[in-house]
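Colleague: Dropping a structure here in structure tokens format, bear with me for questions.
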Amino acid sequence: MALEILFHVGNAITLIAFLFRDQIQLRAVMILSMALQALYYTWLPGGPLFDPLLWKILTILLNLVMIVLIMRDRFGYDIEADLRPLFEAIKVLSPGQFRRLAKVAARRSGPVQILSQGVAPDELFYLVKGEAEVVKDGRRLALAPGVFLGEIAFLSGGTATADVFLAEGAEALAWPVGELRQLMARDGRIEIGIRGVLSHDLAAKTARSHLPAAEPVAAPAP
């Protein structure tokens, strides 16, 4: 009789588990259910019954692995310090989604030209440290870390609107445009996050500054 109660309680807990929306809670309750059912198949007269017992144990192990992965996805303990501002700016992403986004990118170091006016860029950039210099029609503007570079071309699918250079010691994340678009297509939250932060970045640049007037060119000495 006691074993029958154990069997029914274990299965009832399985039904209760599906009432939880939180994945960790659901899987933790499933582990409890599988553990009770494993005890039933172990203590059953003539047992243990190894076939059903094996599947209960495998289910327990799978749920334990998934709990670890879900918890890792929720906590940002291994996000690099210099990428924290970007993670905090893209508010809709979990730490796991942000790690997948950062994994697609490579690091570019200055001095190097990363964008050419009138040319469609292959990469979208985020300035992590140092300065970037924007040059357009003889005008120059230095940008500090925490801004995107090439976002207009990325959003519009067009060409770069200026030449952009990374200064000596500067560092930027560089996402290949094709790979980033594929990632955005696979994960809607990443697409929402990227488009939102790029639009905000572009609006902030427009509001706070304009390229200074071109410096006059001195006439050659007679």
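The values are calculated or read from the model by the stated rules, or taken from the named source; none is laboratory data. Everything numeric here is computed off the predicted structure, so don't read it as measured data. All Cβ positions, even for glycine, are placed from backbone atoms using ideal geometry, and neighbour counts span all protein chains on display. Remember, those area values only see protein heavy atoms, side chains included, never the ligands or the DNA or RNA. Shrake-Rupley method; radii C 1.70, N 1.55, O 1.52, S 1.80 Å.
Colleague: Quick one: which of 40, 77 is surrounded by 14 or more Cβ atoms within 10 Å (Cβ to Cβ) and modelled with pLDDT under 90? It would help to see each step written out before you state the result.
Modeller: Working: 77 fails: surrounded by 14 or more Cβ atoms within 10 Å (Cβ to Cβ).
Answer to the check: 40.
Colleague: Hey, another quick one. For the list (1) within 34 Å of the chain's Cα centre (by Cα); (2) among the β-branched types (Val, Ile, Thr); (3) open to solvent by less than 80 Å² (accessible area, probe 1.4 Å), I need the number of the one condition that residue 68 fails.
Modeller: (3)
Colleague: In the stretch 81-126, which residues are part of a loop (DSSP other than H, G, I, E, B) and either open to solvent by 50 Å² or more (accessible area, probe 1.4 Å) or out of contact with any Gly (no Cβ under 7 Å at 6 or more places or on another chain) (or both)? Working first, answer last.
Modeller: Initial filter on the stretch 81-126 (part of a loop (DSSP other than H, G, I, E, B)): 90-94, 105, 110-111, 116, 118-122.
Passing the criteria: 91, 92, 94, 105, 111, 116, 118, 119, 120, 122.
Colleague: I'd like to verify a number: residues in the stretch 166-193 that are open to solvent by 70 Å² or more (accessible area, probe 1.4 Å) and more than 20 Å from residue 85 (Cα to Cα), how many?
Modeller: Of the residues in the stretch 166-193, 6 are open to solvent by 70 Å² or more (accessible area, probe 1.4 Å) and more than 20 Å from residue 85 (Cα to Cα).
Colleague: Of all residues being in a loop (DSSP other than H, G, I, E, B) and closer than 15 Å to residue 83 by Cα in the stretch 134-152, which is least open to solvent (accessible area, probe 1.4 Å)? Just the residue, please.
Modeller: Start the filter on the stretch 134-152 by keeping residues that are in a loop (DSSP other than H, G, I, E, B), which leaves 137-138, 144-147, 150.
Filter once more, keeping what is closer than 15 Å to residue 83 by Cα: 144-147.
Values: 144: 62, 145: 68, 146: 38, 147: 9 Å².
My answer is 147.
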